[in-house]
1. Here are some residues: LEU129, LEU114, LEU147, LEU95. Which one is buried (at least 17 other Cβ atoms within 10 Å of the Cβ), more than 21 Å from LEU29 (Cα to Cα) and not small (Gly, Ala, Ser)?
2. Can you name the residue in the stretch 24-48 that is among the β-branched types (Val, Ile, Thr), touching a helix residue (DSSP H, G or I) at 6+ places or on another chain (Cβ under 7 Å) and over 19 Å from ALA140 (Cβ atoms) and, of all such residues, is surrounded by the fewest Cβ atoms within 10 Å (Cβ to Cβ)?
3. Evaluate the following for GLY135: is it more than 18 Å from LEU38 (Cα to Cα), in a helix (DSSP H, G or I) and of a type outside the set (Val, Ile, Thr)?
4. Run ASP83 past the list (1) surrounded by fewer than 20 Cβ atoms within 10 Å (Cβ to Cβ); (2) under 24 Å from TRP63 (Cβ atoms) and report the number of the one that doesn't hold.
5. Among the listed residues GLY156, GLY73, identify the single one that is small (Gly, Ala, Ser), exposed (fewer than 14 other Cβ atoms within 10 Å of the Cβ) and at positive phi.
6. Report, by residue number, each residue of the stretch 16-66 that is under 19 Å from LEU147 (Cβ atoms) and aromatic (Phe, Trp, Tyr).
7. How about the stretch 91-123: which of its residues are in a helix (DSSP H, G or I), more than 11 Å from LEU47 (Cα to Cα), touching a residue at least 12 places away in the same chain (Cβ under 8 Å) and not β-branched (Val, Ile, Thr)?
8. Any idea which of VAL51, VAL55, VAL62 is within 16 Å of VAL138 (Cβ to Cβ) and either of a type in the set (A, V, I, L, M) or in contact (Cβ under 8 Å) with a residue 40 or more places away in the chain (or both)?
Amino acid sequence: MSGRLAFQLATVGGLGERLPAPGTTVGSLVAALLFAALARFAPTVLLPGAVVVLVALLPVSVWACGAEAMRRGVSDPGPVVLDEVAGQWLALVVLTAGASAPPSLAAIGVSFLLFRIFDVVKPWPIGRLERLPGGWGVVADDLAAGLAAALVQLLGLRFLA
């Protein structure tokens, strides 16, 4: 039972394996779309609600992604996308916390693109985090990519405003 649950969570219900786009893009897109829906339909509770989701998502991601990676015998399998959900969600939470209003759809789109860039390129020290053991190695680099994406976006907004 726990192996099946880890599979379902880590692949976000199998989306990481079933869709034609790369799994990592799918995970990031799911997070961005869910965040956009929350921003649209519940803007007054966006930040506290998003923080609660993030706090719940972190231990679940580390466990499920680690268990599924171990089952597959690969350190960070492509279909495992809950780590991208967590990283993208962190980027959006930090962006929201650093802004005076809920992010627009355009800002969420920029966050998505920046997160994907940092997640793919993995500049130092992001790439080194993959060496952490178990689920931490799967998730930590995505969290760092999310943080980097949010900081770049916030700096850009500050200097362009």
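Computed from the coordinates by the stated procedures, all read-outs in this text should not be read as laboratory data. What you see is a predicted model; the values in this text were computed from it and never measured. Note that each Cβ is placed from the backbone with ideal geometry, even for glycine, and that neighbours are counted across all protein chains shown.
1. So the residue among LEU129, LEU114, LEU147, LEU95 that is buried (at least 17 other Cβ atoms within 10 Å of the Cβ), more than 21 Å from LEU29 (Cα to Cα) and not small (Gly, Ala, Ser) is LEU129.
2. This residue is THR25.
3. Numbers: more than 18 Å from LEU38 (Cα to Cα): yes; in a helix (DSSP H, G or I): yes; of a type outside the set (Val, Ile, Thr): yes.
The answer is yes for GLY135.
4. (1)
5. Values: GLY156 fails: at positive phi.
Result of the check over GLY156, GLY73: GLY73.
6. PHE35
7. Result: ALA91, LEU105, ALA107, GLY109, SER111, PHE112, LEU114, PHE115, ARG116, PHE118, ASP119.
8. VAL62
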